[in-house]
Amino acid sequence: MRRMALTLPVMLMVVLDLSLPAQTASQDTAPPKPAMATMQVQTDLNRLMRGVFYPPSNVVFSAQNDNPAEVKRAPGQDPSMATDPLVSTFGGWQAVENAALALSESANLLLVPGRKCSNGLPVPSNDPGWPKLVQELRDAGMKAYTAAQSKNQDKMLDAADTLSAACASCHKRWRERKLEDRCK
Ligand code: HEC
């Protein structure tokens, strides 16, 4: 664990390119080439749900029962290594805010063209119902964000209801059926 913690700054340096000398002003006056802005799909919808949407929704749902301000770290637990956002460096209510924002923002991933469902059928993003359900998810995430900002658990209850309804209405329409009929 200690070793991983020590390598983190190195990883950051690589990601941020801090190790390289600052770029000197170029004589070349040609405008910089635009970055390739191509979106890419790496996984199917089911894995996207498991990896991206499921973890933050549990953080939001947890705030119904457990006051995020009172969630305790295990003695000696290093917050920078926590796998539970609630006890991480960005823990407590802020973790709930961040999870809600992550859900809203990640809704865009449901619209990236070229993704398949686990049965090989394309994600039904051309169906007029799909973007509406995606918007419902975005709105539910933002409602949870506002509720988390207020640090009010009654508001969290209401927001969590809205969020689980947003998940459920899409699942009812596109998932809850035989595998081969999902996304049809
Ligand atoms: C716009 C539609 C849509 C929304 C919104 C949506 N899902 Fe999904 N979800 C699906 C579909 C469709 C599948 C099945 C995908 C497949 O088989 O490839 C799925 C699958 C899943 C799975 C995988 C289940 C398993 O047994 O493998 C999880 C977990 C999941 N969703 C969680 C959520 C949560 C939590 C939310 C709300 C925060 C949510 N989803 C919102 C469409 C949606």
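The values are calculated or read from the model by the stated rules, or taken from the named source; none is laboratory data. Please read these numbers as outputs of a predicted model, since none were measured by experiment. Please note: Cβ atoms are built from the backbone with ideal geometry, for glycine as well, and neighbour counts cover all protein chains shown.
Remarks
- Residue match in segment 172-180 (condition: under 18 Å from the mean Cα position of the chain (by Cα) and either hydroxyl-bearing (Ser, Thr, Tyr) or surrounded by 16 or more Cβ atoms within 10 Å (Cβ to Cβ) (or both)): no
- Residues of segment 39-46 include at least one that is modelled with pLDDT of 95 or more and assigned to a helix (DSSP H, G or I).
- Pairs linking a residue in segment 140-154 that is more than 17 Å from Gly91 (Cβ to Cβ) to a residue that is aliphatic (A, V, I, L, M), with Cβ atoms under 6 Å and 6 or more positions apart or on different chains, are Ala140/Leu163; Ala140/Ala166; Gly141/Ala100; Gly141/Leu103; Lys143/Ala159; Ala147/Met156; Ala147/Ala159.
- If the condition is being hydrophobic (A, V, I, L, M, F, W, C), buried (at least 17 other Cβ atoms within 10 Å of the Cβ) and farther than 18 Å from Ala107 by Cα, then segment 143-171 contributes Ala147, Ala148, Met156.
- Pairs are defined by a Cβ separation below 7 Å, a sequence spacing of at least 6 or placement on different chains, a first member in segment 102-122 that is closer than 20 Å to Lys184 by Cβ, and a second member that is among the basic types (Lys, Arg) and surrounded by fewer than 15 Cβ atoms within 10 Å (Cβ to Cβ); the pairs so defined are Leu121/Lys184.
- Residue match in segment 113-130 (condition: within 18 Å of the chain's Cα centre (by Cα) and either among the hydroxyl-bearing types (Ser, Thr, Tyr) or more than 10 Å from the ligand (Cβ to nearest atom) (or both)): no
- Flag if Leu86 is near the ligand (Cβ under 9 Å from one of its atoms), surrounded by 16 or more Cβ atoms within 10 Å (Cβ to Cβ) and within 19 Å of Tyr54 (Cα to Cα): no
- Restricting Pro122, Pro113 to residues that are under 15 Å from Leu45 (Cα atoms) and in contact with a Gly (Cβ under 9 Å, 6 or more places away or on another chain) narrows the list to Pro122.
- Cross-chain or 6+ apart pairs with Cβ under 8 Å, segment 157-184 first and closer than 26 Å to Val96 by Cα and more than 9 Å from the ligand (Cβ to nearest atom), then hydroxyl-bearing (Ser, Thr, Tyr) and at pLDDT 95 or above: Ala159/Thr146
- Residue in segment 41-76 that is surrounded by the most Cβ atoms within 10 Å (Cβ to Cβ), counting only those that are under 23 Å from Pro124 (Cβ atoms) and among the small types (Gly, Ala, Ser): Ser57
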